[in-house]
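Just so it is clear, none of the values below were taken in a lab; they were calculated from the coordinates. Predicted, not measured: the structure shown is a model, and the values here were computed from it. FYI the Cβ positions are ideal-geometry reconstructions off the backbone, even for glycines, and counts take in every protein chain you see.
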Amino acid sequence: MSLLISTWIKFFFLFAPFFVLSMFLALTRGETSAVRRQVANKAIISSVVISLILFFFGGSLFAVLGITLDAFRLGSGVLLFLSALSLVRDGTRNHAVGMPSEEREDVSVVPLAVPIIIGPATIGTILVYGAELHGWEMALGLGGLLLALASLTLILYSASLIERLLGRTGLNVLSKITGLILAAMASQIFMSGLMGFLQPVIGQ
């Protein structure tokens, strides 16, 4: 049960929910609550499908590409740290900066699900967690992932209310706090990969 809770919390902050919320509000400004809920549903369903594919087939992908888990830990740790840095510095994720400014007919999949919810750093981290867990741990990890997406769904459903309560300044502050937590997670993932590389040398 502790693994379920810890995985839920890790994935919750990994999805940077308050940044997602601020982008969701910007992309759906002027829309009715019903339209916002429809956009949220499509975005979350798309994110669930993408996350499940990454979570379950990450190990096979490593084998096909000849990439070790420790190497991927290092790479995804760096990406996640850069994402966290942009959240702390600007209140936005670095891979969302280039998002087209013109209006889209349907923003639920692109850019909301990808790359705002599921971006490069998120993809790398989900692959790492999926490859690390086995047996019951994988079931608990999957439960944590789905709980995190369910929590994100509730936040998006409450977007209008949260916007009125916190205001743009409050959302920006929460995004920066999320960035700090993501930076700590990135450091942990990077150090795990580094220790994996150094372990054979230390053991000699």
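What net charge is computed for the residues neighbouring SER76, neighbours being all others with C-beta under 12 Å from the C-beta of SER76, Lys and Arg scored +1, Asp and Glu -1?
Details: positive: ARG73; negative: ASP70, GLU132.
That sum, taken over residues with Cβ under 12 Å, equals -1.
Cβ-to-Cβ counts within 10 Å put TRP8, TRP136 in ascending order as TRP136, TRP8, the fewest first. Each Lys or Arg adds one and each Asp or Glu takes one away; over the other residues whose Cβ falls under 13 Å from the Cβ of ALA159, this sums to +3. Here the extension length gained between MET191 and LEU3 equals 65.7 nm, from 0.36 nm per residue of separation less the Cα-Cα distance. Working from label points 7 Å from Cα in the Cα-to-Cβ sense, the ALA139 to LEU65 distance is 3.0 nm. Taking the longest Cα principal axis of the chain as reference, the axis of helix 136-157 is set at about 20 degrees.
Listed values for the stretch 23-37 are Karplus-derived 3J(HN,Hα) couplings in whole Hz (6.51 cos²θ - 1.76 cosθ + 1.60, θ = phi - 60°), namely 5, 4, 5, 5, 6, 10, 4, x, 7, 6, 4, 5, 5, 4, 5, and x replaces Gly and Pro. A straight line joining the Cα centroids of the stretch 14-47 and the stretch 116-170 runs 13 Å.
Report the full-extension gain for the segment ILE45 to LEU180: residue separation times 0.36 nm, less the Cα-Cα distance, to one decimal in nm.
Computed gain between ILE45 and LEU180 is 45.9 nm.
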